[in-house]
1. How many nm is it between the label spots at A:Arg94 and B:Lys65, if each spot is 7 Å from the Cα in line with the beta carbon?
2. Give the interface area between chains A and B as buried accessible surface, both sides summed, probe 1.4 Å, in Å² to the nearest 100.
3. Take the alpha carbon gyration tensor of the stretch A:72-198, find the square roots of its eigenvalues, order them as a ≥ b ≥ c, and report rounded if a/c is under 1.5; if not, report prolate when a/b exceeds b/c, else oblate.
4. Could you provide, to the nearest whole Å², the per residue accessible area of chain A with probe 1.4 Å?
5. Would you mind computing the Rg to Rh ratio of the protein assembly as shown from its alpha-carbon coordinates, Kirkwood style for Rh?
6. Need one number: nm distance between label points at A:Ile130 and B:Ala126, each 7 Å from Cα along Cα→Cβ, rounded to one decimal.
7. Can you list the DSSP H helices in chain B whose Cα atoms extend at least 27 Å along the helix axis and whose mean Kyte-Doolittle hydropathy is 0.0 or higher?
8. Could you work out which residue, out of A:Arg37, A:Arg18, A:Arg191, moves most in a Gaussian network model of chain A, that is, has the largest mean-square fluctuation with Cα springs under 10 Å?
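The values are calculated or read from the model by the stated rules, or taken from the named source; none is laboratory data. All figures in this text were calculated on a predicted structure; none of them were measured in a lab. As a convention, Cβ positions derive from the backbone with ideal geometry for all residues, glycine included, and neighbour counts pool all protein chains shown. Protein only, heavy atoms only, side chains kept; ligands, DNA and RNA dropped before computing areas. Shrake-Rupley method; radii C 1.70, N 1.55, O 1.52, S 1.80 Å.
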There are 2 protein chains.
Amino acid sequence: MSSSPPFINVRKQPRQARSSATVETILEASARILETRGLAAFTTNAVAERAGVSVGSLYQYFPTKEAILTLLIRRKREALIAALESERARADHRGLKCMVDGFVHAALVHQLERPGLSRSLEYAEATLPINAETEVLKRSIIVIVAEALSMHGIAEPQTSARDLAALTRGMADAGGLFGETDLASLEQRIRRAVYGYLGLGA
Amino acid sequence: MSSSPPFINVRKQPRQARSSATVETILEASARILETRGLAAFTTNAVAERAGVSVGSLYQYFPTKEAILTLLIRRKREALIAALESERARADHRGLKCMVDGFVHAALVHQLERPGLSRSLEYAEATLPINAETEVLKRSIIVIVAEALSMHGIAEPQTSARDLAALTRGMADAGGLFGETDLASLEQRIRRAVYGYLGLGA
DNA sequence: GCATATTATGAGCAATCACTCGTATTTCTT
DNA sequence: AAGAAATACGAGTGATTGCTCATAATATGC
């Protein structure tokens, strides 16, 4: 009954620089496999091989295959949360429109950085047994947007935040799948939909 | 060089009623597994067991596991195409808004009928090696909407059709995941976004 | 009723899966 | 330099995978 470990998904905490590097290598190899060949190709043997690391090393830091997925999801989420929060802070004294633009831009850049990876992690999360920690991060993304919307008098901020996130994700995903390169154009089209949803004039 | 078989995904054409029933049973069992337990649980043994059929029977009608997925995807696509086309036919003499409403409604009902199944098939299709036939169906969905938009003077009808489909799918998917029951409310929110995208007044 | 096609069966195969464990190597501490 | 701790290794485990094939059961045509 001593202190609980800070990371339930990591079997052993890296104490030397080289083991931290190993963990990062494993995570990046996993990400590459997920984005290029999808969840079906995501096997522990494949990850170890791609990372240039033995399976044994992999299992020293991750108790299960799913733990890798969970950590990847958490990191992605945290990155998006950071981006959204910096956007909210910057937009506090600006108008609703300007702030929404910032959110859309952050979400779009975030997702189109590695579209295939985002897609795989998204599906994995919907299929995986519900992870409390991941769920909290998911909620807090919505909460950040919802609070910002609420501050500008938008009705039903929670629902609106969920809808806008879903709308943006859907269009970004399709853009990634279609091989869209003109990010600015896609961004503008998303804004049109978002403005319409919020009842703002174009 | 005789006539090519009508279905490349079916190993043997059912000739008796009972074998057709077997094929349907296999498809429905696959759908249930996909929607309740996801792609990872979708194994041929699991499908056969759930269908109450032997693996051997399964492989008499489907050359590979992926062939089942392909057929499920094709059927879903064809159903949506039929719904959209009936909507287009009915809306020929109505306004743009009314027609768009019909499209949104059809797409939403189609996806929320079995949200988990839609999600799994969607991801499977993005991961599977590109299937020409499936790609054609995907395109024709966009074409149907694009032509309708074009007829009402919407600029960039192809891109707009893709965007609206993606937007609707994203919001519907999130609604399904969230367990949203009020279909009418979700439909109305989607319409707000769509109207905004198209530059129509609410 | 009999021959022939059609359909159904499931034990079992090779391949692959997630994961373990005994051992070797490297780094840290002193 | 030497012992201890941390890290890396990879052959090998049992389980599961996609799928085959020899055989049995059923339906159809005459």
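1. If labels sit at A:Arg94 and B:Lys65, their model points lie 4.8 nm apart.
2. Values: alone 11050 and 11060 Å², together 19820 Å².
For A against B, buried area totals roughly 2300 Å².
3. Details: a/c = 1.73, a/b = 1.17, b/c = 1.48.
Oblate shape, in that a/c is at least 1.5 and b/c is the bigger or equal ratio.
4. Numbers: 9900 Å² over 202 residues.
Result: 49 Å² per residue.
5. Working: Rg = 22.9 Å, Rh = 23.0 Å.
Looking at the protein assembly as shown, the ratio lands at 0.99.
6. 2.3 nm
7. Numbers: long enough: B:17-37 (30 Å, -0.02); B:65-90 (39 Å, -0.17); B:132-151 (28 Å, 0.99); B:157-178 (31 Å, 0.03).
Helices passing the filter in chain B: B:132-151, B:157-178.
8. In the Gaussian network model the winner is A:Arg18.
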